[in-house]
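I have placed the structure first, in the form of structure tokens, so that the comments after it can refer back to it.
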Amino acid sequence: MGAGNSKAKITAQDKAILDMKIQRDKLRQFQKRVQVVLDREDALARELLHKGDKKRALLALRRRKYQEQTISKTEEQLLNLQQLVETIEFSLVQRDVLFGLEQGNKVLTQLNSEMRIEDVERLAEETAEGIAYQNEVSNILQANMSPEDEEAALAELEQLEKEESDRLRLNLPHAPRHSMPEQVVEGLGDTGDKTGPQRHTELQEESETDEQSQRLRNEPMLA
Amino acid sequence: MTTTAASMDTEFQFPEIYNFPPFFTRQPNDSTWKEQRRMWCDLILSYYKYNNLSSMTLAEAVSDPLFNNKQIHRSLRVDTLREVVEELVKQGNACWTGPKNTRDACLIFWRKPEAWASIIHQWASENGMFNMVFTFFELANGDDTVEQEFHGLDPLTLRRALDVLQGQGKAQLFVGTSDEDIGVKFFHSS
């Protein structure tokens with residue numbers, strides 16, 4: 001199955017290119033062969049000339065000339081073949097690029113069709129409608145309430161706010177609760193010793209009785 | 001291993017054992033023979049690598065300097081050499097060629113086809129040769145591969161290497177219309 005799969009990778013173009021390349025190789029090998037003959041003729045001509053056989057030397061040189069022509073002809077053909085192969089290979093690459101562009105374009109078109117302007121507008125409209133609906137609901141609920149209910153709700157809100165502020169105050173660092181002048185006169189070290197344990201008891205008392213805490217809180221105000 | 005990295009014009013440096021006469025005679029003791037055979041295998045591979053050789057005709061090879069040490073007047077017998085080559089074949093470093101079962105000629109892979117395969121694939125990768133068609137002649141003798149180690153590789157070893165790549169899905173061998181000459185197309189991977 002794997003072999004069958006990979007076989008499919010070889011296209012008719014591949015075969016055509018292979019054929020051309022094989023032709024090119026054969027031409028090149030032929031060229032080499034001719035070159036060998038040429039070199040032999042050349043050596044032969046020299047040898048004959050050395051022996052004084054001018055006539056046959058000339059013949060050998062003529063043959064050499066002919067071989068040279070053959071080589072230059074094959075050279076031309078080789079070039080043509082090579083160019084053809086390269087053109088085909090480049091065309092194949094171009095085809096792939098075109099295919100890629102086509103695919104990309106398809107995807108882009110599809111994506112654009114998936115988010116049409118009307119859809120986007122409708123979505124925005126629907127969102128606005130939802131917000132308007134929510135506002136309407138709270139308006140209606142408010143209008144439906146009796147004055148007593150409204151009052152109770154407000155009172156409850158007040159109560160909640162108070163609880164919240166009490167809780168907040170508990171967590172806050174305590175402001176100095178003694179009269180300011182006293183602190184200044186006695187000095188820092190002295191007040192530190194006194195206020196330390198005192199503060200602790202204050203904290204405990206505060207949580208126990210509201211009345212006491214109220215009084216303590218008022219103390220610095222009086223001073 | 002011998003120092004094969006020496007400059008090309010220097011002669012192959014034979015190991016010391018090459019001048020040891022018993023090295024050329026098959027040792028009767030089994031474990032000695034195994035060691036001797038291993039040394040011959042190493043020597044053949046490094047000699048073939050150094051001289052970039054591939055094929056061997058056993059009957060002729062025994063008179064080559066590799067198996068015939070003129071200085072000590074010793075040479076390896078053909079049947080002993082055959083046993084050594086048999087071992088190389090077993091290791092994947094050689095294969096018998098010629099008519100079936102004759103075992104008279106072989107191909108020595110001083111670099112295994114698998115290693116050649118990855119070198120060739122590497123070359124194809126580095127030169128953007130994927131999805132391109134090549135003739136065998138072009139790979140081994142073309143102008144594009146002159147600088148490559150596999151330039152001038154003998155056709156059979158090349159074929160073995162490309163068969164390995166085909167097995168890995170990294171290449172596909174195919175024939176053109178003539179059905180004679182084989183071409184190859186490289187792929188990134190399977």
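List of remarks:
- Of all residues making up the range A:2-24, the number that are modelled with pLDDT of 85 or more, facing chain B (nearest Cβ under 7 Å) and outside any helix (DSSP H, G or I): 1
- Among (1) over 30 Å from B:N131 (Cβ atoms); (2) touching a residue at least 24 places away in the same chain (Cβ under 8 Å) - the single one A:V85 does not satisfy: (1)
- Screening the range B:160-176 for residues that are in contact with a strand residue (DSSP E or B) (Cβ under 8 Å, 6 or more places away or on another chain) and assigned to a helix (DSSP H, G or I) and picking the one that is farthest from the other protein chains (Cβ to nearest Cβ) gives B:R160.
- A Cβ distance below 9 Å, combined with a sequence gap of six or more or placement on separate chains, defines the contacts here; from the range B:77-100, residues that are at positive phi and in the same structural domain as B:D64 (by TED's automatic domain parsing) reach residues that are acidic (D, E) and assigned to a loop (DSSP other than H, G, I, E, B) in the pairs B:G98/B:D104.
- Boolean, B:N141 is surrounded by 14 or more Cβ atoms within 10 Å (Cβ to Cβ) and out of contact with any Leu (no Cβ under 9 Å at 6 or more places or on another chain): yes
- Residue match in the range B:126-135 (condition: under 19 Å from A:I10 (Cβ atoms), of a type in the set (S, T, Y), free of Cβ contacts under 8 Å to residues at least 24 places away in the same chain and facing chain A (nearest Cβ under 10 Å)): no
- Among the candidates B:H121, B:H151, B:H188, the residue that is farther than 26 Å from A:A16 by Cβ and away from chain A (no Cβ under 11 Å) is uniquely B:H151.
- Candidates A:E89, A:E76: the one that is over 30 Å from B:G167 (Cβ atoms) and either away from chain B (no Cβ under 12 Å) or at pLDDT below 90 (or both) is A:E76.
The values are calculated or read from the model by the stated rules, or taken from the named source; none is laboratory data. The model shown is predicted, which means the values in this text are computed figures rather than measured ones. Don't worry about glycine lacking a Cβ; one is built from the backbone with ideal geometry, like all the others, and counts go over all protein chains shown.
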